Amino acid sequence: MDEVSGTPSGFRGRVTSRDGTSIAYERYGEGPPVVLVSGALGTAAGERALAGLLARRFSVVAYDRRGRGGSGDTGPYAVEREIEDLAAVVGESGSGTALHGTGTGGTLALAAVAAGLSAGPVSVYEPSCPAEAAARWRRVAALLARGRRAAALDLFLADSAVPAELRPGVADLAHTLAYDFAVLGEGTAAERHLDRVHARVLVIDGGASPAGTRAAARALTAALPRARHRTLTGQTHEVAPHVLAPVLEEFLTEDREPVGVGVG
């Protein structure tokens, strides 16, 4: 496997979503398949550290959600198209593919399974949106609707741990914040049809994250039919891959059967 800055670069490929959008992905390692679903402003490149750690036991696929990195962005946008993108990636990965999503990527993963995507176990890291964060998301979406991408990005990153020197690198992704806002929806369990998620789910949060974020994670766990909750001591929303990886490995290697039916 090639190396890029000490991180395995993996195999790079493409898959075509139902509407013809080309979705770029990277694959690492050998073993049971796992797909990583990035959160807001995330790309496959941002998942390389976690993918490299998991690749010791799994075949890990990280992909660029539509409108990001090497993937296309066929309009008009709809959450259903993002679910089809994920279904295409899972189809390329193989039967019983597990999912791990961070932030809104976790929300998307759960929405896809609720819509009928066949998957193995699902883990999510802080996918829920507490009330104070939801208010900011609405302000971000309003700015984007007025074409004020720079202002929307600044507002979104105001409390972010993204270093200032790296922020110009995500400027081209600002428009995708509207996609993440659509994925979040109103954030209610009924709207997300969480009662339809019959996969095993691990809901994870950081012990140093805001109280509202942690409460939202516990509420999500209670709303899911087969979920349990875990807190990672000392972690924030910017979770350290070396802390998260062994928790995911333990969860994903439990001997359970995948559930679900194909999106179709």
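The values are calculated or read from the model by the stated rules, or taken from the named source; none is laboratory data. All values reported here derive from a predicted model rather than from experimental measurement. Ideal geometry is used to build each Cβ from the backbone, glycine not excepted, and the neighbour counts take in all protein chains shown. We work out accessible area using only protein heavy atoms, side chains counted, and drop any ligands, DNA or RNA first. Shrake-Rupley method; radii C 1.70, N 1.55, O 1.52, S 1.80 Å.
Values as computed for the structure displayed
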{"quantity": "Selection count, the range 22-56, where residues are charged (D, E, K, R), part of a loop (DSSP other than H, G, I, E, B) and in contact with a helix residue (DSSP H, G or I) (Cβ under 9 Å, 6 or more places away or on another chain)", "calculated": "1"}
{"quantity": "Search result, residues across the range 197-229 that are within 17 Å of Leu117 (Cα to Cα), at pLDDT 95 or above and open to solvent by 70 Å² or more (accessible area, probe 1.4 Å)", "calculated": "Arg226"}
{"quantity": "From Asp154, Asp159, Asp172, residue being open to solvent by 70 Å² or more (accessible area, probe 1.4 Å), on the phi < 0 side of the Ramachandran plot, modelled with pLDDT under 95 and in a loop (DSSP other than H, G, I, E, B)", "calculated": "Asp159"}
{"quantity": "Selected residue [open to solvent by 10 Å² or more (accessible area, probe 1.4 Å), under 24 Å from Val239 (Cα atoms) and either modelled with pLDDT of 95 or more or assigned to a helix (DSSP H, G or I) (or both)] from Ala111, Ala62, Ala87", "calculated": "Ala111"}
{"quantity": "Test: residue in the range 124-143 that is acidic (Asp, Glu), over 29 Å from Gly91 (Cα atoms) and in a helix (DSSP H, G or I)", "calculated": "yes"}
{"quantity": "For Thr16: the one exception among (1) open to solvent by less than 20 Å² (accessible area, probe 1.4 Å); (2) touching a strand residue (DSSP E or B) at 6+ places or on another chain (Cβ under 8 Å)", "calculated": "(1)"}
{"quantity": "Qualifying position, being on the phi > 0 side of the Ramachandran plot and either outside any loop (DSSP other than H, G, I, E, B) or out of contact with any helix residue (DSSP H, G or I) (no Cβ under 6 Å at 6 or more places or on another chain) (or both), among Gly101, Gly96", "calculated": "Gly96"}
{"quantity": "Breaking point among (1) surrounded by 20 or more Cβ atoms within 10 Å (Cβ to Cβ); (2) within 13 Å of the chain's Cα centre (by Cα), for Gly46", "calculated": "(1)"}
{"quantity": "Pair list, Cβ < 9 Å and 6+ apart or interchain, from the range 216-244 residues that are under 29 Å from Asp195 (Cα atoms) and part of a loop (DSSP other than H, G, I, E, B) to residues that are of a type in the set (Asp, Glu) and open to solvent by 30 Å² or more (accessible area, probe 1.4 Å)", "calculated": "Leu224/Asp195; Pro225/Asp195"}
